[in-house]
1. Residue check, residue 158 against (1) within 29 Å of residue 73 (Cα to Cα); (2) over 15 Å from the mean Cα position of the chain (by Cα); (3) part of a loop (DSSP other than H, G, I, E, B), all met but one. Which one?
2. Could you please give the count of residues in region 125-157 that are closer than 24 Å to residue 178 by Cβ and either surrounded by fewer than 17 Cβ atoms within 10 Å (Cβ to Cβ) or in contact (Cβ under 8 Å) with a residue 60 or more places away in the chain (or both)?
3. Going through region 124-154 one residue at a time, which ones are outside any strand (DSSP E or B), more than 17 Å from residue 103 (Cβ to Cβ) and in contact with a helix residue (DSSP H, G or I) (Cβ under 8 Å, 6 or more places away or on another chain)?
4. Considering only residues that are free of Cβ contacts under 8 Å to residues at least 40 places away in the same chain and closer than 27 Å to residue 58 by Cβ, which ones fall in region 162-191?
5. Which residue, of 119, 86, 113, 94, is out of contact with any helix residue (DSSP H, G or I) (no Cβ under 9 Å at 6 or more places or on another chain) and within 23 Å of residue 182 (Cα to Cα)?
6. Going through 186, 178 one at a time, which residue ends up being out of contact with any strand residue (DSSP E or B) (no Cβ under 7 Å at 6 or more places or on another chain), over 30 Å from residue 35 (Cβ atoms) and at pLDDT below 95?
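The values are calculated or read from the model by the stated rules, or taken from the named source; none is laboratory data. These figures come from a predicted structure and were not determined experimentally. Cβ sites come from the backbone with ideal geometry, for glycine too, and all protein chains shown count toward neighbours.
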């Protein structure tokens, strides 16, 4: 039964071609596709706020910043994997494939009920295998809380609920005020 279920295996080239014009984005794990879910307004605002804060700081640098639609490519145990992080920063001038990046220094995921477990476990463990990655930032969308893992600190979890978060790969601090600007969290204050 398992062999029948795994007969369909999409090549990387076919995956990249299909994603180019797709209405629904898919993550790719060793030939299998997983549809991405839609996002909330809070999710979009948080990603937009961080992008708007960081983008002007990158002018004149080799760094490129992408929100939502750029894939990150990993190769783990002879498996090819493509994820769509919410925000991806690559400062490697040789990391310039058209549809993905392989050497990011910062990856960001905004947590939702449906993705938090995957973001905290599966993606976290996978992302640690990337030698270029310096920081992995997880942002709660229902409360003011940031989780950050840094290579320089052995990937130990650091939780931030006030003030700001320092992004060491850019040597900049972004305040929680900036990250959560226009995000209505009062709906969740009773929980």
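1. Answer for residue 158: the failing condition is (3).
2. Of the residues in region 125-157, 9 are closer than 24 Å to residue 178 by Cβ and either surrounded by fewer than 17 Cβ atoms within 10 Å (Cβ to Cβ) or in contact (Cβ under 8 Å) with a residue 60 or more places away in the chain (or both).
3. 141, 142, 143, 144
4. Of everything in region 162-191, those that are free of Cβ contacts under 8 Å to residues at least 40 places away in the same chain and closer than 27 Å to residue 58 by Cβ turn out to be 162, 163, 164, 165, 166, 168, 171, 173, 175, 176, 177.
5. Just a single option satisfies the conditions, and that option is 113.
6. The conditions single out 186.
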